[in-house]
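Just so you know, all these numbers are worked out from the coordinates, no wet-lab data involved. All of these numbers come straight from a predicted model, not from anything done at the bench. Cβ placement follows ideal geometry from the backbone for every residue including glycine, while neighbour counts extend to all protein chains displayed.
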Amino acid sequence: MRARPGTSLGCASLVVGLVFGSLVACGPIHTTSAIGAAEAAIVQAEEAEAPRLAPYHYWLSRAYLRKAKQVEGYARFEASERFADEARTEAEKAALTALERSLKTKIGGSSDGQASP
């Protein structure tokens with residue numbers, strides 16, 4: 001059986017198009033995943049009372065998340081993913097700092113919620 005002329009070129013174009021299309025689609029998927037992880041980390045930080053006990057890291061994480069969503073809207077997926085990763089990192093720091101300060105408060109007996117020196 002003989003291949004029709006031009007058929008192999010059409011198949012090659014189809015394969016290249018599918019591979020390229022799947023690579024292009026990865027940007028929004030990775031970004032959405034990173035933003036979701038950052039949002040989850042911020043919720044955990046809020047549960048640890050980070051807005052009160054670790055405000056710097058908490059509000060920085062919120063700012064990074066807002067920026068991630070903003071640049072995602074302009075289809076700058078790589079930058080958005082980096083901002084979302086920073087938001088997650090800062091939220092994790094906020095949660096950890098809040099938990100540490102909460103423990104110090106319980107152990108030290110301080111009632112103002114601030115870490116004692």
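Annotations for the structure displayed:
- A63 touching a helix residue (DSSP H, G or I) at 6+ places or on another chain (Cβ under 7 Å) and in a helix (DSSP H, G or I): no
- Complete set of residues in the range 68-110 that are polar (S, T, N, Q), in contact (Cβ under 8 Å) with a residue 12 or more places away in the chain and farther than 15 Å from I42 by Cβ: S80, S102
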